[in-house]
Amino acid sequence: MPGPKAFALRLDPALHAAIERAAASDLRSINAEIEVLLREALARRGVKVAMTPPPKRGRPKGE
């Protein structure tokens, strides 16, 4: 399964600071906050985005 897509994002410093404050108040990373904001904006436009299941955590079960 491929991992998350990484790319460079250039933001106005004031916008970055606002996202950073919002992320801190929601106890999220800036990256996670940007993802939430993008998903909310797309949902308002009627664009459905499937949620990729998170990777399994912990030890694999023994046989």
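Where a number appears in this text, it was derived from the coordinates with a stated rule and is not lab data. What you see is a predicted model, and the numbers here were worked out from it, not measured in a lab. Don't worry about glycine lacking a Cβ; one is built from the backbone with ideal geometry, like all the others, and counts go over all protein chains shown.
Descriptive notes on the structure:
- Spin-label model distance (nm) - Ala8 vs Glu35, 7 Å beyond Cα toward Cβ: 2.3
- Helix 30-44 and the long axis of the chain differ in direction by around 80°, with both axes built from C-alpha atoms.
- Shown is the FRET efficiency for Ala22 and Ala50, computed with R0 = 30 Å from the Cβ-Cβ distance and rounded to the nearest 0.05: 0.80.
- Over 17 Å [Cα-Cα, the chain], rounded percent: 59
- 0 to 90° range, to nearest 10: angle between helix 13-25 axis and the chain longest Cα axis: 50
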